Structure formats: C-alpha cells, structure tokens
Amino acid sequence: MDNQLFDFGMVGLGVMGRNLLLNVADHGFKAIGFDKDPVKTADFEKSANPGTTVKGVNTLQEMVSQLSTPRRIMILVPAGKPVDDVIESLLPLVNEGDIIIDGGNTFYTDTLRRYQYLQPKGIHFIGIGVSGGEEGARFGPSMMPGGDLVAWEHLKPVLQSIAAKVNGEPCVDYMGKGAAGHFVKMVHNGIEYSIMQLICEVYDILHRGAGLTNEDLHQLFSQWNEGELKSYLIEITADIFTQKDDKTAAHLVDMILDKAGSKGTGKWTSQIAMDMGVAIPSIDMAVTMRNISSLKKERLAAAALHQRDGQPASLKAANLDDDCRKALYTAIILSYVQGMAMLHTASKDLGMEIPLHNAVKVWRGGCIIRSTLLETFYSAYQKNPGTPNLLLDDTITALVRSNINSLRKIVASAAIGGYPVGALMNALTYYEAYTTGRLPLNLLQAQRDFFGAHTYERIDQEGKFHTQWGKEEAGSSKQ
Ligand code: 6PG
C-alpha cells in the first residue's frame with residue numbers, strides 16, 4: 001500500500017481512541033489505528049462508516065510507515081508509564097518534524113517532561129485535553145491543545161473538523177504554552193467534580209430531605225434543564241432518574257452503592273491549587289466527599305453510633321424547589337469562578353499564558369461541563385481578558401447577587417437538618433470570604449507574630465512590623 005496514504009494515526013483503539021479515530025475518518029481524513037489486540041483493530045474497521053478510509057494494524061511499524069509526513073500520531077492509552085512506553089517504541093520509527101500527540105488525561109508535569117525530552121530530537125510533542133466521553137469522541141469532543149505551536153498549526157484542520165461546534169465555532173483552540181492543554185483539562189475535571197458533587201447534595205436535600213421520588217426528580221431536573229441551569233450534567237441527571245434496573249423492578253439509581261470512584265484528575269487539581277496558593281474549596285470538598293464515600297463500612301458503624309433525634313430532619317418547605325434551583329445555579333457559577341481563577345494564576349505563575357477566553361470558548365460544547373453559563377463567561381473574558389476573578393465582572397456579579405440568598409438559606413437549613421452539604425457550604429464560604437473587605441485574619445497575623453515573630457503588615461503604614469507582645473515597654477518595631 002502507498003506509504004503516503006493515511007493522514008492521521010492513533011495508538012490505542014480503546015473506547016476513546018477508536019471513537020476519536022472514527023470521527024477523524026468521518027471528516028474525510030484517512031485514518032489508521034494501531035492496537036496490539038487484533039479484536040480491537042477488527043472492531044475499529046467494522047465500525048467505520050461506508051465511504052471512509054480506515055485501517056487497523058497490529059504493529060506500530062505498519063502504522064508509522066503508512067502515514068503521510070509530517071506524521072500526525074495521537075496516543076490514547078492510560079496516562080502514566082504506558083505513554084512513555086509508546087513514545088519509546090515510536091522514537092526509532094518517526095522522523096524529525098513528525099508530531100506526537102498525547103490525548104489522554106495526563107498529569108501536566110509529565111507532558112512538560114516529554115516535551116523537553118522530544119524537542120531536542122526534532123519531534124513535535126503536544127498534549128491535548130480531550131473531553132466528552134465516548135459520545136463526544138465519536139461525534140464532537142471539546143479539545144484543549146497546548147504547547148508546540150508548529151504542531152497545533154499542522155493539527156488544526158483535523159481537530160477543527162472533528163470538534164463539537166457552537167454557533168459554527170469549533171470547540172478546540174490553543175490553550176497556551178508548555179503543558180497548558182493538559183493543565184486546562186485537569187481544571188475542567190476539577191470543575192466537573194464540583195458540579196457533580198453539588199448536584200448530588202441537592203438531590204439529597206430533595207430526595208432524603210423533602211421526599212421527592214425519582215419521578216419527581218426527573219421532572220424537576222428536566223424542567224431545570226430548560227432554564228438557566230441548562231447543561232450536560234443536569235440533562236444526564238434528569239435521565240438517570242428514569243432508568244430502571246434490569247435485575248430488579250427498582251430504579252437503577254437506588255440500587256447503586258454510594259461509594260464514588262475516581263481516576264485522580266480532581267485530586268490533582270486540588271493538590272496543584274494548594275501548591276499554587278489558589279483557593280478552590282468547592283473542588284477540594286468534591287474530592288473529599290468521594291474519599292469519605294469510600295468508607296462505607298465505617299460510615300454504617302458510625303451512623304448507628306451517632307444517631308440523633310430528629311435528624312436528618314424533614315426539609316420540606318415552601319419554595320424549596322426554587323431555592324434549590326437558585327442555590328445550585330449559584331454554587332455552579334462559583335465552581336467555574338474558582339477553576340477560572342486557578343487558570344488565571346497558572347497562566348502567570350507557571351508561565352503558561354493561557355488565553356482564558358479560549359478555555360471557556362471550547363467548553364461551550366462537547367465537554368462534560370458544557371452549559372449555557374459558558375456563553376456568559378466567554379463574554380466576560382472578551383470584555384476583560386485579564387480579570388483575575390469572574391466575580392469582578394458586572395454580569396456575573398448581578399447573577400450571583402440575585403441568587404445568593406437561596407444558597408445561604410439552603411446551606412443553613414441543610415446544616416441544621418443534619419445533611420452533609422460540603423460543596424454547597426464551601427461555595428458559599430468562598431463567596432462570603434472573597435466578597436468581604438476585612439476578614440478576621442488580622443488576628444491570625446497577630447497570633448503568628450506573638451508566638452513566632454513572623455511579623456505583620458499595618459493598615460496605616462508600609463512595611464513589616466514585629467511586636468514584643470505583652471511587653472508594653474518594648475513596643476513594636478519595623479523589621
Ligand atoms: C471528560 C471526563 C473524562 C473522565 C473523567 C472521569 O472530560 O470526558 O472528565 O476525562 O470521565 O476523567 O474522572 P473520574 O474517574 O476521576 O471521575
């Protein structure tokens with residue numbers, strides 16, 4: 001076969017790799033995929049649409065030799081060592097100028113390391129965050145490429161044609177320098193964790209607290225999905241409430257064990273935010289709740305031991321549905337606000353120069369956190385690309401201000417009623433703290449200086465000061 005035949009190669013024909021490559025083929029590109037497993041390569045060829053050009057091969061050599069140059073090769077294998085192994089196997093087969101893409105959920109420092117390793121060899125290495133799951137990969141994902149600009153230019157035609165489209169614009173664009181693509185995808189996942197946890201907490205309030213049935217919840221979430229909460233995660237939640245179990249007559253959601261899994265991207269977001277000194281408490285709490293959920297046995301023992309009269313209390317109240325909707329809406333806005341503030345800091349402190357308007361632009365379609373809100377954030381960044389925090393934007397300020405009292409109300413009644421609503425609480429605390437001009441941490445500075453001579457700043461004079469606490473005669477001195 002002509003060795004210039006194929007336009008795009010894929011290493012790994014698992015669910016994401018296969019679907020993404022079929023999507024590439026659907027858009028007129030000749031697509032070749034490698035997988036060690038002949039069943040997967042055969043399945044790939046069988047699933048292709050008539051009229052498309054696809055081929056599955058079982059050696060990397062066969063794939064690389066049939067790609068046009070510069071070769072465009074995407075790796076979609078589990079993050080970590082498997083990616084390094086594939087790169088090592090590819091190196092003897094590729095040439096200077098070829099492009100290797102990592103499309104997995106890779107930790108961003110691994111991307112930086114691989115970029116620095118491959119650059120001197122003349123290989124263009126680019127990390128791309130891909131979101132949208134199986135369906136998105138097949139029919140239009142959101143993609144977040146970052147780093148090597150030459151690679152981005154070569155990949156643009158393919159990526160733009162396979163991406164989801166919103167108002168005719170493809171949900172793919174350049175995310176900035178170095179490992180910005182994987183960094184932005186990591187923060188996307190952190191926001192995803194937060195929104196999912198918030199939805200679960202509101203479900204708890206409505207279901208356990210106010211007695212709404214799965215049918216009621218289906219109706220309510222469907223209704224919410226027609227308004228300002230319109231989003232992928234609300235939409236699938238509405239659908240989940242109608243799914244029946246195929247093993248019993250029950251609703252499937254009631255048969256699922258309350259232990260949440262995770263692959264680590266939410267935890268990474270929290271870890272890196274801590275390292276950078278950025279506050280993302282809603283995401284932190286979402287990770288924490290997954291951790292607590294895994295302690296099922298202990299929780300059952302503790303539940304028996306800590307029974308409280310009248311708790312959990314009934315949360316039935318006038319306007320509860322409406323307050324829940326507004327509380328959820330506000331807390332979801334605050335999840336994006338925290339994630340975007342983290343990207344703002346990463347952009348400066350990690351030198352990624354992330355165009356924040358591009359991040360919210362590509363999240364408008366195809367990805368798990370797509371929602372109508374993204375359009376509002378996109379406008380905010382178009383107006384003021386350098387804003388450190390979306391709570392400084394007029395439109396977002398107005399949205400939050402008109403709904404925040406419902407968040408306060410829901411958090412207060414859930415807390416008194418004995419419900420774990422940490423993500424809602426943390427969203428509220430983030431808001432209250434960020435919008436408070438004078439926090440009580442003047443006292444904390446005094447404590448630090450008292451026991452450790454750590455110094456403090458004053459409200460009326462420049463400089464660092466230390467006080468000999470309790471010793472009137474020694475007083476305070478400028479350090
Ligand atoms: C996406 C998802 C995807 C994956 C998550 C799941 O954007 O398509 O985020 O990447 O579903 O990584 O993560 P957890 O297993 O940690 O929940």
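The values are calculated or read from the model by the stated rules, or taken from the named source; none is laboratory data. In this text the structure is predicted, and so the values were computed from the model without any measurement. Backbone-built Cβ (ideal geometry, glycine too); neighbour counts: all protein chains shown.
Summary of computed values
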quantity: Unique residue being assigned by TED's automatic domain parsing to the domain that holds A79 and either under 19 Å from the mean Cα position of the chain (by Cα) or touching a residue at least 24 places away in the same chain (Cβ under 8 Å) (or both) when the list is K165, K156; calculated: K165
quantity: Of residues in region 254-265 being within 16 Å of the ligand (Cβ to nearest atom) and farther than 16 Å from G133 by Cβ, the one surrounded by the fewest Cβ atoms within 10 Å (Cβ to Cβ); calculated: L257
quantity: Qualifying positions in region 145-168 - among the basic types (K, R) and in contact with a Gly (Cβ under 7 Å, 6 or more places away or on another chain); calculated: K165
quantity: Residue among V130, V150, V166 that is more than 12 Å from the ligand (Cβ to nearest atom), under 30 Å from L328 (Cβ atoms), among the β-branched types (V, I, T) and out of contact with any Phe, Trp or Tyr (no Cβ under 9 Å at 6 or more places or on another chain); calculated: V166
quantity: Residues within region 400-420 that are in a helix (DSSP H, G or I) and surrounded by 18 or more Cβ atoms within 10 Å (Cβ to Cβ), tallied; calculated: 8
quantity: Subset of region 93-124 that is aromatic (F, W, Y) and surrounded by fewer than 24 Cβ atoms within 10 Å (Cβ to Cβ) - its residue that is nearest to the ligand (Cβ to nearest atom); calculated: F107
quantity: Test result for G209, in the same structural domain as T376 (by TED's automatic domain parsing), over 21 Å from the mean Cα position of the chain (by Cα) and farther than 27 Å from S47 by Cβ; calculated: yes
quantity: Residues of region 274-298 satisfying the condition of being within 16 Å of the ligand (Cβ to nearest atom) and small (G, A, S); calculated: S282, A286, S293, S294
quantity: Of all residues making up region 421-479, the number that are under 32 Å from the mean Cα position of the chain (by Cα), of a type in the set (A, V, I, L, M) and assigned to a loop (DSSP other than H, G, I, E, B); calculated: 2
quantity: Test: residue in region 241-253 that is among the basic types (K, R) and away from the ligand (no atom under 15 Å from the Cβ); calculated: yes
